[in-house]
Amino acid sequence: MENFLSSVRNSCKLLKVFLDSPKELGVTELSKRLQLSKGAVHKILATLESEGFIRQNEATKQYTLGYTLLELGNKVIKNHDIVDFSAPYLNQLLAQTKELVVLCILDKTDALYVAKLDSPHPIRFNVEIYRRFPPYATSGSRVLLAYQSDAFQQEVLSDVELKKYTPQSFASVEEIKENLRQIKERGYEMSWNRRNQGVTGMAAPVFDATDQVVAAVSVIGPTDRVQPQVDSIRNHLLQITSEMSEQLGHRP
């Protein structure tokens, strides 16, 4: 027998209905969506309302989420550590791709890697964590920059002296801005040999419940090894970052 209480599970399902629904719902609609009787839904609503998880609009007699959920959500955010939260997802991605996996965040106008898992291959690319670098410098940091405001991008990119590391390096600020636009359009970054010859990096954003990008996850490795499996790696990366975002409360 499963170690679950059906009443608690149904209560959780009822609350989650509001994630992708109008602000208010009535008993009939909730009954239909949960495939429960109206009587059962009434009891669940009454219980949740007594604890502040649900509240009823006296004018419409319909129900909406209560303020207790807001308090709990704020508590989760305050206690949240992105590195600890990301650890199991990064480990899963490493197991799937066998390439270097890194977590990148923004701190003011700098980017930095705050976690990394090295590739098990003897020939592999490496990065230094906790070292600061410009947000336009790597695939992960460009993902973060792409989702910032125009004003922030302008601040970061103003008076930039671009260095040509490889023939594929960005030649102008306008080229970087176009790259940022493309990242936001397709939802991820793919970078071949831009900073290090023979290295391919791809990165995708992690969103929170407020639709803000809080981190980027990158997979980086030698181009000759990554290129043949680029579609598979990209799919794993997008699946992982989607799951992370969902756990943080993001709803596309």
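The values are calculated or read from the model by the stated rules, or taken from the named source; none is laboratory data. Source: prediction; values computed, not measured. No Cβ is skipped: glycine too gets one built from the backbone with ideal geometry, and neighbour counts run over all protein chains shown.
Quick look at the values:
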{"item": "Selection count where residues are within 26 Å of H250 (Cα to Cα) and either out of contact with any helix residue (DSSP H, G or I) (no Cβ under 7 Å at 6 or more places or on another chain) or of a type outside the set (F, W, Y) (or both), scope region 28-54", "result": "14"}
{"item": "Those strands (runs of 3 or more DSSP E) lying entirely in region 137-229 with at least 3 residues in contact with an Asp or Glu (Cβ under 6 Å, 6 or more places away or on another chain)", "result": "213-222"}
{"item": "Whichever residue in region 224-245 is charged (D, E, K, R) and surrounded by 15 or more Cβ atoms within 10 Å (Cβ to Cβ) and, among such residues, is farthest from V17 (Cα to Cα)", "result": "R225"}
{"item": "Positions within region 1-57 being β-branched (V, I, T) and either in contact with a Ser or Thr (Cβ under 8 Å, 6 or more places away or on another chain) or touching a residue at least 60 places away in the same chain (Cβ under 8 Å) (or both), in sequence order", "result": "V41, I44, T47, I54"}
{"item": "From the options Y165, Y136, Y130, Y147, residue that is hydroxyl-bearing (S, T, Y) and closer than 22 Å to E243 by Cα", "result": "Y147"}
{"item": "Residue identified as closer than 30 Å to H236 by Cα and out of contact with any Cys (no Cβ under 6 Å at 6 or more places or on another chain) among L14, L25, L72, L90", "result": "L90"}
{"item": "Flag if T60 is polar (S, T, N, Q), farther than 27 Å from A209 by Cα and in contact (Cβ under 8 Å) with a residue 40 or more places away in the chain", "result": "no"}
{"item": "Some residue of region 11-19 being more than 24 Å from R251 (Cα to Cα) and outside the structural domain of T210 (by TED's automatic domain parsing)", "result": "no"}
{"item": "Selection within region 117-136 - without any contact (Cβ under 8 Å) to a residue 60 or more places away in the chain and either assigned to a loop (DSSP other than H, G, I, E, B) or surrounded by 19 or more Cβ atoms within 10 Å (Cβ to Cβ) (or both)", "result": "D118, P120, P122, N126, E128, I129, Y130, R131, P134, P135, Y136"}
{"item": "Residues within region 199-211 that are surrounded by fewer than 21 Cβ atoms within 10 Å (Cβ to Cβ) and either touching a residue at least 60 places away in the same chain (Cβ under 8 Å) or in contact with a strand residue (DSSP E or B) (Cβ under 6 Å, 6 or more places away or on another chain) (or both), tallied", "result": "3"}
{"item": "Residue satisfying all of: in region 175-198; more than 15 Å from Q227 (Cα to Cα) and charged (D, E, K, R); surrounded by the fewest Cβ atoms within 10 Å (Cβ to Cβ) among these", "result": "E185"}
{"item": "Any chance S191 is modelled with pLDDT under 95, in contact with a Ser or Thr (Cβ under 9 Å, 6 or more places away or on another chain) and within 20 Å of D118 (Cα to Cα)", "result": "yes"}
{"item": "S86 being among the small types (G, A, S), part of a loop (DSSP other than H, G, I, E, B) and surrounded by 11 or more Cβ atoms within 10 Å (Cβ to Cβ)", "result": "no"}
